[in-house]
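Asks: There's a structure below that I have some questions on.
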Amino acid sequence: MALHTLEVGTGNIDTIVFIHGAALGGWMWRLQLGNLADIFHCLAPDLPGHGKSAGDYSFESATLAVANLIRDKAHGGTAYVVGLSLGGLVAVNLIDKHPDLLHKVIVSAPPSGPVPGTGILTVMMRFMLPLFKSDFVIRRTADQLKLPEQDYENFRQSQKTVSADLLLTVAREVHAHRLPESLHNATIPTLAVVGENEIAVNFRVVRDLV
């Protein structure tokens, strides 16, 4: 499965792959790509079912697609990987399944189950999605996130085009996911971080991951 990918810094030696969060896209790494293009070869894919990438989303399909991207486009077939939220969980899966492709990894607030309230959330999601796709709510959300104005249109398009099925799949897979026991044997240097205002589940996952 080929992923739509933003690519900069092709003349540089080392590759960094940036993996976005749920219902977003590679565009969210605009500032990082701009700041690092003179130093690193940078790839920012849209995960399956997100943005301009086709296909159905699952952790397995996303992990395999990013692994193939590293093999095909990363210089030397290996990369540093940075993942935010859902992208962080994909990065964790890469550590477990494809360590030979990785130099070092940074994950920020990777989600993993169990997540309280998932059942109610999935029921409500189908009915409330049209509200969340309204221009008023999208603008308010962007303002609360302090999203740079240059990124607003990409954010708006991501929110408008995301499907209920995709969000339900992500919610269910996160709830069912458990950090694999085999991570005890992982040797990839990994920095796991979590913002001070994140939900309790994300703090737990980062502690467990460490």
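The values are calculated or read from the model by the stated rules, or taken from the named source; none is laboratory data. Here the structure is a predicted model, which is why all the values come from computation and not from measurement. With ideal geometry, Cβ positions are generated from the backbone for all residues, glycine too; neighbour counts draw on all protein chains shown.
Asks: Given (1) in a strand (DSSP E or B); (2) at pLDDT below 95, where does GLY83 come up short, assuming only one miss?
Replies: Result: GLY83 passes all but (2).
Asks: What number of residues in the range 65-80 are farther than 19 Å from ALA23 by Cβ and in a helix (DSSP H, G or I)? Spell out how you get there, then give the answer.
Replies: To start, the set of residues in the range 65-80 that are farther than 19 Å from ALA23 by Cβ comprises 67-80.
Next, only the ones that are in a helix (DSSP H, G or I) stay: 67-73, 75-77.
The number of residues fulfilling the criteria is 10.
Asks: Can you tell me how many residues within the range 138-183 are touching a residue at least 40 places away in the same chain (Cβ under 8 Å) and of a type in the set (A, V, I, L, M, F, W, C)?
Replies: Final tally of qualifying residues: 11.
Asks: Identify, from the list LEU131, LEU147, LEU168, the residue that is farther than 25 Å from ILE16 by Cβ, hydrophobic (A, V, I, L, M, F, W, C) and surrounded by 15 or more Cβ atoms within 10 Å (Cβ to Cβ). Please lay out each step first, then the result.
Replies: On the way: LEU131 fails: surrounded by 15 or more Cβ atoms within 10 Å (Cβ to Cβ); LEU147 fails: farther than 25 Å from ILE16 by Cβ.
After applying the criteria, what remains is LEU168.
Asks: Do you know which residues across the range 160-210 are among the basic types (Lys, Arg) and either part of a helix (DSSP H, G or I) or in contact with a strand residue (DSSP E or B) (Cβ under 7 Å, 6 or more places away or on another chain) (or both)?
Replies: Quick first cut of the range 160-210, residues among the basic types (Lys, Arg) only: 160, 172, 178, 204, 207.
Matches in the range 160-210: LYS160, ARG172, ARG204, ARG207.
Asks: Okay, next question. Being farther than 17 Å from ASP96 by Cα and surrounded by fewer than 14 Cβ atoms within 10 Å (Cβ to Cβ): is that true of GLU181 here?
Replies: Criteria not met by GLU181.
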